[in-house]
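First the structure, in the form of structure tokens, and then the observations on it.
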Amino acid sequence: MTGIHIPVLAGELIELLDPQPGQVAVDCTFGGGGHARLIADRIGSSGTLIAIDRDPIAEQRFAELTAEVACATRFIRADFAQGLELLRDEGTRADAVYMDLGMSSMQVDTWERGFSYAYDAPLDMRMDPDQELSAHEVVNTWDERQLARLLKEYGEERYAGKIARAIVRTRQQTPIATTQELVEVLKSAIPTPAQFAGGHPAKRTFQAIRIAVNAELEQVDEGLPCAWEVLKEGGKLAAITFHSLEDRRVKRFLVARAQGCICPPDLPVCACGRTPEGELLTRRAIAPTPGEIAHNPRAKSAHLRGARKLKEIS
Ligand SMILES: C[S@@+](CC[C@H](N)C(=O)[O-])C[C@H]1O[C@@H](n2cnc3c(N)ncnc32)[C@H](O)[C@@H]1O
């Protein structure tokens, strides 16, 4: 059973990008196509929507959307770092490039894909089912130090060391094959009072493993520069993130584009000659309203940031 994905910060994203008839837009994380549909309606029959996603379910949804919208459409099934590189190398130039990071409701609700600690399913968590690395491999083959580091860095898990030790001890007897087997191991490692504080005890571990399986942070680091290159002068880049590890990367990238002179402050005149190649469209990240969170709890941790490209740097 796959649920409908409610697009997060949709009104805010449209307001920020302000798509116009005839424009070219690139949706780097098509998912259920919620944002893409709104963009398609704005760019109209003379516009072009290019969608990227690594999940075949998204490709199916895209086929449905194509039949319903007036603009020209194209789907690239790839990770977005690769898809954007392809567009850049082809010479495609867009008025808007945007990404809505993380997983879709369709992925979480397709229980057998193992994204959720709420259902028992094989340990998988691959957004692209054709890739080799899965959660099963991470949990059953990474050594204790790697696991502890992963849980600490990507999950900000306080009991990372204890959990890593419990995982390794358990799998020495028998491999950890399912999400619920992993949840039981986590519960055995986390002190009982802590299991009832700060959300589900498996939340942080599952997030960390999913980030590693899908190389999510590497994708952001590689994808943002390509996205910027794909933009025309005057084009806009926007990203919706769901945790601080992503948001920090997006913020750092956009702020660097908007930075001008980098000379030491004590130099009387500018020697670097650097002028900003972009301007921030969001000084602070835009967060969802309480109304949106009440309607769609998934939106709770969302942050939207964006910038406009002012000039090409050759
Ligand atoms: C949060 S959902 C996007 C939802 C979409 N904006 C909507 O309104 O329906 C994220 C989607 O991006 C895809 N995705 C995440 N990271 C990706 C990456 N690095 N490359 C390609 N697709 C990615 C996932 O497979 C998922 O379908």
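The values are calculated or read from the model by the stated rules, or taken from the named source; none is laboratory data. Not measured: the values here are computed from a predicted model. FYI the Cβ positions are ideal-geometry reconstructions off the backbone, even for glycines, and counts take in every protein chain you see. For the accessible areas, the whole protein counts, side chains as well, though only heavy atoms, and no ligand, DNA or RNA atoms are used. Shrake-Rupley method; radii C 1.70, N 1.55, O 1.52, S 1.80 Å.
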**Study point:** Selected residue (criterion: surrounded by the most Cβ atoms within 10 Å (Cβ to Cβ)) from residues of region 167-185 that are of a type outside the set (A, V, I, L, M) and closer than 15 Å to H136 by Cβ
**Key:** T179
Point to revise | Close pairs from region 186-207: first open to solvent by 50 Å² or more (accessible area, probe 1.4 Å), partner modelled with pLDDT under 80, Cβ under 7 Å, at least 6 apart | key: K187/Q195
Point to revise | Considering residues of region 227-245 that are under 16 Å from the mean Cα position of the chain (by Cα) and not aliphatic (A, V, I, L, M) only, the residue least open to solvent (accessible area, probe 1.4 Å) | key: T241
Point to revise | All positions within region 3-25 that are within 12 Å of the ligand (Cβ to nearest atom) and open to solvent by 60 Å² or more (accessible area, probe 1.4 Å) | key: I4, I6
Review point. Given (1) crowded, with 23+ Cβ neighbours inside 10 Å; (2) outside any helix (DSSP H, G or I); (3) of a type outside the set (S, T, N, Q), where does V250 come up short, assuming only one miss?
Key: (2)
Point to revise | Count of residues meeting criterion [farther than 30 Å from A208 by Cα and at pLDDT below 95] in region 259-297 | key: 19
Point to revise | Long-range neighbours under 6 Å by Cβ, at least six apart or interchain, first residue closer than 17 Å to K236 by Cα and charged (D, E, K, R) within region 247-265, second open to solvent by less than 60 Å² (accessible area, probe 1.4 Å) and at pLDDT below 95 | key: R257/E277
Practice item. Tell me, please, whether a residue that is closer than 30 Å to Q107 by Cα and out of contact with any Lys or Arg (no Cβ under 8 Å at 6 or more places or on another chain) can be found in region 256-267. Key: no
Review point. So, of the residues in region 273-296 that are among the charged types (D, E, K, R) and crowded, with 16+ Cβ neighbours inside 10 Å, which turns out to be nearest to I14 (Cα to Cα)?
Key: E292
**Study point:** Which numbered condition I57 fails, given (1) under 19 Å from the mean Cα position of the chain (by Cα); (2) modelled with pLDDT of 95 or more; (3) within 22 Å of G34 (Cα to Cα)
**Key:** (2)
Practice item. Tell me which residues, restricted to region 252-290, are within 27 Å of V24 (Cβ to Cβ) and in contact with a Ser or Thr (Cβ under 9 Å, 6 or more places away or on another chain). Key: L254, A285
Review point. Does region 85-111 hold any residues that are more than 10 Å from the ligand (Cβ to nearest atom), modelled with pLDDT of 90 or more and of a type outside the set (V, I, T), and which are they?
Key: E85, L86, L87, R88, D89, E90, G91, R93, A94, D95, A96
**Study point:** Count of region 51-70 residues which are buried (at least 24 other Cβ atoms within 10 Å of the Cβ) and more than 10 Å from the ligand (Cβ to nearest atom)
**Key:** 1
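Results for (1) within 13 Å of F206 (Cα to Cα); (2) free of Cβ contacts under 8 Å to residues at least 24 places away in the same chain, shown as yes or no for each residue.
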{"site": "A96", "(1), (2)": "no, no"}
{"site": "G114", "(1), (2)": "yes, no"}
{"site": "M125", "(1), (2)": "yes, no"}
{"site": "D130", "(1), (2)": "no, yes"}
{"site": "T141", "(1), (2)": "no, yes"}
{"site": "E157", "(1), (2)": "yes, no"}
Exercise for review: Would you tally the residues in region 26-40 being more than 6 Å from the ligand (Cβ to nearest atom) and farther than 16 Å from G83 by Cβ?
Suggested key: 4
